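Since every read-out is calculated from the coordinates, none of them should be taken as a lab result. Just so we're clear, the structure is a prediction, and the values are computed from it rather than from any experiment. Every residue, glycine among them, receives a Cβ derived from its backbone with ideal geometry; neighbour counts consider all protein chains shown.
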Amino acid sequence: MDLDRHALAYTPSTGARRIHETPLVAATAESLAGYGRLVDDAKAAPIEIVRWPAQGWRPIDDHTGNQGGVTEGLFEFCWRGETLYARNHAVGDSYLFAWSTWPEEAQAEGTGKKRERALIWRANYHPDGGQLFFPLKGQSFVVPLALPGDDVSPEKFVSFWCDGRSGLYLHPNVWHGALVPLDDEAEFLDRQGRVHARVSVNFVTEFGCYLGAPLRRP
């Protein structure tokens with residue numbers, strides 16, 4: 001993956017010495033209720049687009065405010081040593097998403113030791129539309145999710161294990177941390193609203209911890 005580490009969309013927060021371990025469940029139609037759904041055909045899956053909100057008592061005109069459409073592109077994830085990087089070509093952003101040990105001790109190169117968990121420092125949601133992640137090589141991954149609401153906390157997150165045979169679609173306003181591949185590298189087709197607004201929570205600065213996502217099958 002071609003990645004400029006000096007052009008990250010966010011400067012990661014570090015310094016915490018506490019991990020909030022999330023429960024791990026298998027992603028199924030039942031367990032994903034309220035969060036999203038599994039998708040078998042990436043191109044046929046509709047992406048929800050949320051109409052631009054009215055600023056006062058006058059409503060947004062019909063058939064306007066939701067015309068930004070959908071963007072799509074390759075979303076690459078790569079473990080470099082004990083640090084997880086990613087690049088979303090659909091929106092042109094690069095990220096440092098997580099570590100598999102305390103970031104101050106994380107190896108920068110190599111495959112590192114067996115990764116037991118990902119320590120995730122932030123999560124976000126998109127108020128303007130849904131988002132689809134479709135694994136292109138059938139690789140399994142884990143992602144922490146929380147239901148909509150700005151009064152979010154680490155305790156509200158659940159990590160979902162996805163077996164890689166289907167894509168994962170998330171509704172607008174659903175909190176999601178990093179997709180964490182169990183392999184060293186993974187590629188996804190990303191489809192999402194073109195506006196790409198993000199609302200974020202920083203676990204380190206707000207709660208003094210990292211969100212722990214177990215890297216195993218439940």
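Go ahead and collect, in residue order, the members of region 202-218 whose backbone nitrogen is under 15 Å from a label point 7 Å along the Cα-Cβ direction of A9. Those under the cut-off are 202. With the highest mean first, a sort of the peptides 36-48, 193-205, 92-104 on other beta-carbon atoms found within 10 angstrom per residue produces 92-104, 193-205, 36-48. Have a look at the DSSP beta bridges in the chain and tell me what percent are antiparallel, nearest 5. Counting DSSP beta bridges with both partners in the chain, the antiparallel share is about 90 percent.
State the extension gain, in nm to one decimal, for the chain segment bounded by W102 and L136, taking 0.36 nm per residue of separation less the distance between their alpha-carbons.
Working: separation 34, 0.36 × 34 = 12.24 nm, distance 3.01 nm.
Full extension of this stretch gives 9.2 nm more.
Can you give me the relative contact order of the chain as a percent, contacts being Cα pairs under 8 Å and 6 or more apart?
Working: 549 pairs, mean separation 70.0, N = 218.
The value is 32 percent.
Express in whole angstrom the spacing between the alpha-carbon centres of region 156-195 and region 16-73. The distance from the Cα centre of region 156-195 to that of region 16-73 comes to 11 Å. Between R122 and F203, the built amide H atoms are under 5 Å apart, and every one of these is 5 or more places off in sequence or on another chain.
Between amide H atoms placed 1.01 Å from N, distances below 5 Å from A26 occur with W161, all of them 5 or more places distant or on a separate chain.
For region 198-205, putting each phi into the Karplus relation 6.51 cos²θ - 1.76 cosθ + 1.60 with θ = phi - 60° gives couplings of 10, 10, 10, 10, 10, 5, 5, 6 Hz, in residue order, rounded to whole numbers and with x for Gly and Pro. Assuming R0 = 41 Å, what is the FRET efficiency of R51 and A26, from their Cβ-Cβ distance, to the nearest 0.05? That pair, R51 with A26, gives E of 0.75.
Summarising the amide proton neighbourhood of I19: residues at separation of 5 or more, or on other chains, whose placed amide H is nearer than 5 Å comprise Y210.
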